[in-house]
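Peer 1: First the structure, which I've put down as structure tokens, then a few questions once you've had a look.
Taken together, the values in this text are just the output of simple stated rules run on the coordinates, not laboratory data. Everything numeric here is computed off the predicted structure, so don't read it as measured data. Glycine also receives a Cβ, built like all others from the backbone with ideal geometry; neighbour counts cover every protein chain displayed.
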Amino acid sequence: MKKIIGMVILFLLLASQAQAISEGENLANEKCGSCHLMGQITKEKLNRMAAPPYWILGKKVKAVSKNEEEAVNFIVDYVYNPSEDKMLFPKETKERFGLMPSLKGIVTEDELRSIAKYILDNASK
Ligand code: HEC
């Protein structure tokens, strides 16, 4: 009996995790994908790319963060309060795309946390 309960709990945990991952991905596409290249690369997306792709974002943020919590916090802070002195990208990025506008009121902090996890989990190595 214990074994069955254990398996049911494990299954529920796995199912909720899978849910969280796809939720982060959907939100990232919806809230960030209009500028950043998100998900699958298509020619159409490349043509309208208005900001660096997500796997480069993730890599940059990871490089300056001690752990995942710090990386998530950096992304949350940047999306609400972007500024030139926090920018991790070189000045050429700003010259090409401009500074990111704040998304205050467009994305909630909870949404942002699951987006940030998705970006970090799928960053290039
Ligand atoms: C209106 C266009 C636009 C949207 C929407 C957008 N971004 Fe950006 N983002 C940019 C641009 C342009 C840059 C590059 C310049 C900069 O770093 O500010 C950027 C840079 C970033 C950076 C790098 C910060 C750094 O230190 O240089 C992060 C992290 C980021 N975006 C996260 C997000 C997330 C997460 C979302 C969705 C919730 C999002 N962005 C939505 C335009 C956008």
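Peer 1: Expressed as a whole percent, how much of the Cα-Cα distance distribution for the chain exceeds 20 Å?
Peer 2: Cα-Cα pairs in the chain separated by more than 20 Å: 48 percent.
Peer 1: Which angle between 0 and 90 degrees, to the nearest 10, do you get for helix 2-31 versus the longest principal axis of the chain when only C-alpha atoms count?
Peer 2: Helix 2-31 and the main axis of the chain meet at about 20 degrees.
Peer 1: In degrees between 0 and 90, to the nearest 10, how far off the longest principal axis of the chain does helix 109-121 point, with axes built from Cα atoms?
Peer 2: Approximately 90 degrees, to the nearest 10.
Peer 1: Moving to a separate point now. Using the crude model of +1 on Lys and Arg Cβ and -1 on Asp and Glu Cβ, and no other charge, please compute the dipole size for the chain relative to its Cα centre, in debye to 20.
Peer 2: Dipole magnitude for the chain comes out near 380 debye.
Peer 1: About the Cα centre of region 46-87, how large is the charge dipole given +1 on each Lys and Arg Cβ and -1 on each Asp and Glu Cβ? Please answer in debye to the nearest 20.
Peer 2: I would put it at about 260 debye.
Peer 1: Taking the 0 to 90 degree range and rounding to the nearest ten, how far is the long axis of helix 54-63 tilted relative to the main principal axis of the chain, both from C-alpha atoms?
Peer 2: 90 degrees
Peer 1: Would you mind working out the magnitude of the charge dipole of region 35-106 relative to its Cα centre, with +1 at each Lys and Arg C-beta and -1 at each Asp and Glu C-beta, to the nearest 20 Debye?
Peer 2: That gives region 35-106 a dipole magnitude of about 280 debye.
Peer 1: Of the listed pairs Lys66/Lys86; Lys66/Lys117; Lys31/Lys59; Lys66/Lys125, which have alpha-carbon separations greater than 18 Å here?
Peer 2: Beyond 18 Å between Cα atoms: Lys31/Lys59.
Peer 1: Further question: Using Cα pairs closer than 8 Å and at least 6 residues apart in sequence, work out the relative contact order for the chain, in percent.
Peer 2: Computed over the chain, the figure is 34 percent.
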